[in-house]
Amino acid sequence: MSSKTTDRLATLYFWASGIVIILILAWFMIRILGEGIPHLSWHFIFGKPEEIKAGGGVGPQLFNSFYVLILSLVISIPIGVCAGIYLSIYAQKNWFTDLVRISVEALSSVPSIVFGLFGFLLFANLLGLKFSILGGAATVALLNLPVMVRVTEEAIRTVPESYWEASLALGSTQWQAIRKVLLPAALPNLITGITLIAGRALGESAILIYTAGLSVSRFFPDFNPLKMGETLSVHLWYVGAEALVPDAKAIAQGSAALLLIVVLIFNMLVAIPSRILQKRLSGGK
Amino acid sequence: MRWVFVGSAALVSAIIFSIIVFVGMQGLKTFQGVSPLEFFFSTDWTPGQQKFGAFPFLYSTLMLTLVAVVLSVPLALSGAMFMAKIAPKWMREILRPATDLFVGIPSVVYGLIGLTVIVPALGKLTGGIGYGILPAAIILAIMILPTILSISEDAIRSLPVRLEEASLALGATRWQTMWRVLLPAARPGILTAIILGMGRAIGETMAVFMVIGNSPQMPKSLLDSTTVLTTAIVKDMGNTSYGSTWNNALYMMALLLLIISLVLILVIRIVAKRSEVK
Amino acid sequence: MTTNLATKYKIKADKLNLFYGENHALHDIELSIEQGTIAALIGPSGCGKSTFLRTLNRMNDLIDSVRITGNVSVDGQNIYGTDSDVVSLRKRVGMVFQRPNPFPMSIYDNIAYGPRIHGTKKKAVLDEIVERSLVQAALWDEVKDRLHKSALGLSGGQQQRLCIARLLAVEPDVLLMDEPTSALDPISTLKVEELTQTLKDKYTIIIVTHNMQQAARISDVTSFFLNGYLVETDKTDKIFTNPNDQRTEDYITGRFG
């Protein structure tokens, strides 16, 4: 076979693989949304679940998902950004910096179920929180911490050094330069990172089984973070794997579609302002 | 202000250490109730009779990861090469967000698809019930595809242009250039991608749980119900009481998962160091 | 009659224009180069000499926004014609780049790369080609004991001669050299210049250089480019002692550039 023919065949093959990947994704989306959306009624989205009868909703679970999300972001973003600032600006070539870097890498490789067990040991057991939304949020925060650190470090590194130098040359302190110049300039990339970890927080289940628990509070909405709080993804797993109610499959499908839609909306809601911000920062190019 | 930053960085280190210590200590308590030999090599897992042979879980974890990687890598690498060198701009604009979207789908949703579509399909195809390593591997392959693809793509893209130029200037076709020059040159980055994909596959719990069958036995085929390390923990945790050997054994499995992940990170660092300096 | 005229020249550019998008980079270039000569292209930075060189083996095809009108013929055939084959063109017309770009493979594999992709598989044949090319590139003695070591371990000058050897292995007719010594030290530069002199008999060489002394030293014919125009082409001696165009004279005497 001549090299030309091989080249053409190869090109065809690569196009095919690209298309196959898109098709798999499309099929997924269509399947999930197609089977789940019919079950999405007002009652389903906001109603209370049933233990034994059919017709339950996922209102409390949906609420808990967002509650956990927000709490975990409140914990992971400040710590992650500060650690990222340390690594990109203050870190010098010493053992401590190496230690921190290896720690971030190691933390990012920990499987989620190990986080779950750790969260149980630390928050539920040692700190006596039992199953709680707070414990769950804190553990999810641990999961997202390394991503936030890495995203912050990269975001700050891509800000041109000249901004930093200009600020210092005008007599600012380092903290002022960070707060007023670097962080705002790094904001679009930071937001992208936050979207990433928010998606993970919404979809996380293995961690929350052991920290936030498998049942929901009796009244809704319950803002007490010390109460047990099953989230939507945990509920999806529970209903899908251990079907107790007769319409378990429908609930699972509906929950899956709902989860997906929430993640998608979140992505879009954050991506659009981020793009606008980016355009404004780069002078509208 | 500076100390806030240093403190945050130190906190990160403290966290990973406490994880290793907490999980490790709890897990090592297992050996108060069962010998390491039995734990690692016995295939009999009957906690009711104080039998804690975790070998089936280790074996199935290995099998599952291997099959998932074998299924995923060819398509992922092809996609990576496509996106890095062949796809026109408009195609990349579609594929990039598409692979990002893949990553955003929660694992339980993957599990549900596995449960409602792949398991029944395999069941019809083979006449069995359809659970086992195979459906789990298929789902995992799709889950780790975006990881392997995007890191490999970055590796290929970051190769210096002059390598490609040199090859083309000698009269090579695009395929010859990719196969003989670019892929070998990007090998460290691609290896890293595959190892990271492996790490994800080993640590995945929920999706696997829904399709693998969950009986604690050695699988006799790819379509035989079995359990892996992650699902063993999820399945039994609720039935055990804190402090019992059974419970500790689950922590031991978590420790094993942790160690495997850390070893993989180490391997990646070694691969990165040994790659040729350009 | 026209056939004779056409094949007298190895390379002929006819009313060649090149556009990068809206930017008109080369204007109506007319240049004919005879077989077996060394032609130097000189001119200030950005004058289009490298761009022109890259049209001769269609390396500009790699850039999306490039548009070409006019005609470039090699051995009388238009290389931009619809039925012309880029792959075999590049086999006949080879290129050496400014920065040495050996593959991250062994010295042997670097040289064998060209023959291998064009179908040669037999080890004995490849061995012979590798030795011959390295001898031609005056590199054989220096590397014959480490053929299977990585090419990246060679010095800059050696790497550039390796790239030339790699090129010679596919047996081209024409060698295009894009500032081949600008990244090298003086001794390596001298070695590469000596190399071009020995290769002159068998090959047609076109060399882009910003070093006028180099052009004067090694070439038979010199062309002066300015702002995308070919100002003047003539025998090297004449260009450097008594050019026709005032701009050429200004450049050569250092009034600008």
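Shown in residue order for region A:45-60 are the 3J(HN,Hα) couplings computed by the Karplus curve 6.51 cos²θ - 1.76 cosθ + 1.60 at θ = phi - 60°: 5, 10, x, 7, x, 10, 7, 10, 7, 7, x, x, x, 10, x, x Hz (x for Gly and Pro).
Counting Cβ atoms of other protein chains within 10 Å of each residue's Cβ and taking the mean over peptide B:246-252 gives 1.
The share of Cα pairs per 5 Å bin across chain C, counted from zero up to the longest distance, runs 1, 6, 13, 17, 18, 16, 13, 9, 5, 2, 0, 0 percent. According to the Cα-based calculation, Rg over Rh for region C:160-257 is 0.99, with Rh computed by the Kirkwood formula. For residue C:177, the residues whose modelled amide H falls within less than 5 Å of its own, excluding neighbours fewer than 5 places apart on the same chain, are C:96, C:206, C:207, C:208.
Residues A:175, B:3, A:95 in ascending order of nearby Cβ atoms (within 10 Å, fewest first): A:95, B:3, A:175. Evaluated at q = 0.07, 0.10 Å⁻¹, a Debye calculation over the C-alpha positions of chain A (equal weights, vacuum) places log10 I(q)/I(0) at -0.36, -0.68.
Of all lysines in the structure, those lying under 19 Å Cα to Cα from residue C:15, and not within fewer than 8 positions of it along the same chain, are C:49. When the alpha carbon gyration tensor of region B:1-159 is reduced to an equivalent ellipsoid, the three semi-axes, largest first, read 36, 30, 14 Å. Shown for A:139, B:245, A:11: other C-beta atoms within 10 Å of each C-beta, ranked fewest to most, produce the order A:11, B:245, A:139. For chain B, the Stokes-Einstein estimate of translational diffusion at 4 °C and a viscosity of 1.567 mPa s comes to 62 µm²/s, using the Kirkwood hydrodynamic radius over alpha-carbon pairs.
Its residues counted as N, region A:141-232 yields a C-alpha radius of gyration over 2.2 N^0.38 Å of 1.56. Of the residues B:172, B:68, B:121, the one that moves most in a GNM of chain B with alpha-carbon contacts below 10 Å is B:172. Pairs over the 32 Å Cα-Cα cut-off, from the set A:180/B:85; A:48/B:235; C:10/C:149: A:180/B:85; C:10/C:149.
Set the Cα radius of gyration of region A:62-120 against 2.2 N^0.38 Å, with N its number of residues, and you get 1.41. What the phi angles of region A:80-87 give under the Karplus curve with 6.51, -1.76 and 1.60, with θ = phi - 60°, is a coupling list of x, 5, 5, 5, x, 4, 4, 5 Hz, glycine and proline written as x. Could you let me know the centre-to-centre spacing of region C:92-155 and region B:96-123, using Cα atoms, in angstrom? The two parts, judged by their Cα centres, are 49 Å apart. Counting only aspartates and glutamates at least 8 places from residue C:121 when in the same chain, those with an alpha carbon closer than 18 Å to its own are C:109, C:131, C:171. In this structure the amide hydrogen of residue B:45, modeled in the peptide plane, comes within under 5 Å of the amide hydrogens of B:53, none closer than 5 places in sequence on its chain.
Pairwise alpha-carbon distances in region B:203-278 exceed 17 Å for 58% of all pairs. Each residue of region A:12-19 is assigned a 3J(HN,Hα), and the resulting list reads 4, 4, 5, 4, 4, 5, x, 5 Hz, derived from the Karplus form 6.51 cos²θ - 1.76 cosθ + 1.60 (θ = phi - 60°), x at Gly and Pro. Going from the fewest other Cβ atoms within 10 Å to the most, the residues A:270, C:74, A:149 appear in the order A:270, C:74, A:149.
Considering only the other residues whose Cβ falls under 13 Å of the Cβ of residue C:112, what net charge follows from Lys and Arg at +1 and Asp and Glu at -1? Residues close to residue C:112 contribute a combined charge of +3. Ordering A:47, A:166, A:214 by Cα displacement along the dipole of region A:40-282 toward the positive end leaves A:166 in first place; charges were set at the Cβ atoms of Lys, Arg (+1) and Asp, Glu (-1). With viscosity 0.890 mPa s and temperature 25 °C, the Kirkwood radius over alpha carbon pairs of the protein assembly as shown converts through Stokes-Einstein to a diffusion coefficient of 80 µm²/s. Within 10 Å of the Cβ of each residue in A:233-242, the mean number of Cβ atoms contributed by other protein chains is 5.
Here region C:174-226 and region B:47-81 have alpha carbon centers that stand 59 Å from each other. Residues whose amide H lies under 5 Å from that of residue A:50, counting only those 5 or more places away or on a different chain, are A:56, A:57; hydrogens are built 1.01 Å from N in the peptide plane.
Rule-based calculations on the coordinates, nothing more; no lab input. Only a predicted model underlies this, so the values are computations on that prediction, with no experimental measurement involved. Glycine also receives a Cβ, built like all others from the backbone with ideal geometry; neighbour counts cover every protein chain displayed.
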